[in-house]
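I have placed the structure first, in the form of structure tokens, so that the comments after it can refer back to it.
Read the figures in this text as sums done on the coordinates, not as results from a lab. Fair warning: this is a prediction, and the values are worked out from it, not measured in the lab. When we count neighbours, we look across all protein chains shown, and the Cβ atoms used for this are built from the backbone with ideal geometry, even at glycine.
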Amino acid sequence: ATRVNENGLIEEVASNVPRLDYSDGGCPSLLLENSSTNLIPYSEDFSNASWSKGGTSVVSGVSSPDGATNAFKLVEDATTGVHSVYRATPTLSAVDYSYSVFAKAVENTTVRIQVYDGTHFRYALFNLSTGVASNETLLNSSDIKLFANGYYKCSINFTASAGGGYSYVQLIDGSNNISYTGDGTSGVYIYGAQLEQQSYPTSYIKSNSGSTTTRSADTANGAGNSTVINSSEGVLYA
């Protein structure tokens, strides 16, 4: 499991350690989430062959929201067309899913986060300069939230049609065109793709191997018992 630490960086937390999360700054909150599975293997390694490149390439060695140099630059080529990185998803059920990716503006300032569920393309545009999501298409909701090192977590939630499909990160030009002529050098930084069967995006689950990764449900035990709250009186802090 991960949290956002007091320095604003995403970090992994060991089992049986409370996840005190500083996502909103100031005092931390205790993350208590249900179980979730990141359905995207190699969630950080966009150079892996499971990630197809259409009109793009990726360059490694970029600082990420966890403070390491494990993010990538998604670079458009000089062709005319759609510039994206994408991968096949497992067969989806007709239930709610959330798809999220961390992205940071470089030369390009807008990305389209998209899922094809075998029937429909579902997406939204995310402006990485203004922090605004727009152009929602066949979604329940979209969200954009600022993280460390200038990254935004861009997420979409949708009710899928049952079937196989693909998850995308697509570059958009300055006029919000999805198809355009690239210059061969421009792009954005990307990190941490996550597709999960949830009605909202949960905290990032690193899935760096060739299989999906599951975070167990959080439980809090001993938060109140007879030693602190007796049969006649007590104090509850919230």
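Side notes on the structure shown:
- Between Ser29 and Phe121, the simple spin-label model (points 7 angstrom out along Cα→Cβ) gives 3.5 nm.
- For the chain, the Kirkwood estimate of hydrodynamic radius, built from reciprocal distances between every pair of different alpha carbons, is 18.7 Å.
- Label point distance in nm, Ala68-Thr130, each placed 7 Å from Cα along Cα→Cβ: 3.5
- Per-residue 3J(HN,Hα) values for region 191-206, derived from phi via the Karplus relation 6.51 cos²θ - 1.76 cosθ + 1.60 with θ = phi - 60°, read 6, x, 7, 8, 10, 9, 7, 9, 7, 7, x, 9, 4, 5, 10, 5 Hz in sequence order (x marks Gly and Pro).
- Two-site FRET efficiency, Thr109 against Glu233, from Cβ-Cβ distance with R₀ of 41 Å, rounded to 0.05: 0.10
- Considering only Thr37, Thr212, Ser142, the residue lying farthest towards the positive end of the dipole of the chain is Thr212, judged by Cα position with unit charges set on Cβ.
- Alpha carbon centroid spacing (whole Å) that separates region 141-187 from region 101-137: 3
- Divide the volume of the convex hull around the Cα atoms of region 98-238 by the residue count and you get 184 Å³ per residue.
- Rounded if a/c under 1.5, otherwise prolate or oblate - region 76-141, Cα gyration tensor axes: oblate
- The charge dipole of the chain, taken about the Cα centre with unit charges on the Cβ atoms of Lys, Arg (+1) and Asp, Glu (-1), comes to about 280 debye, rounded to the nearest 20.
- Listed peptides 152-161, 11-20 appear in the order 152-161, 11-20 once ranked by packing, highest mean of other Cβ atoms within 10 Å at the front.
- Straight-line cross-link reach from Lys73 at under 16 Å between alpha-carbon atoms covers these lysines, not counting any fewer than eight positions away in the same chain: Lys53, Lys104, Lys153.
- Pairwise FRET efficiency - Asn177 versus Ser60, Cβ, R0 = 41 Å, nearest 0.05: 0.90
- Length released on extending from Thr212 to Ser93, taking residue separation times 0.36 nm less the Cα-Cα span: 41.2 nm
- Reduced Cα scattering model of region 160-227, Debye log10 I(q)/I(0), q = 0.16, 0.19 Å⁻¹: -0.88, -1.04
- Unit charges on C-beta of K, R, D, E only; dipole of region 82-151, Debye: 140
- Sorted peptide list for 89-100, 170-181, criterion being average Cβ within 10 angstrom, highest first: 89-100, 170-181
- Cα pair count fraction exceeding 26 Å, expressed as % - region 1-112: 33
- Normalised contact order of the chain, rounded percent, pairs of Cα under 8 Å and 6 or more residues apart: 28
- A simple charge model with +1 on the Cβ of Lys and Arg, -1 on the Cβ of Asp and Glu and nothing else charged puts the dipole of region 28-144 at about 200 debye relative to its Cα centre.
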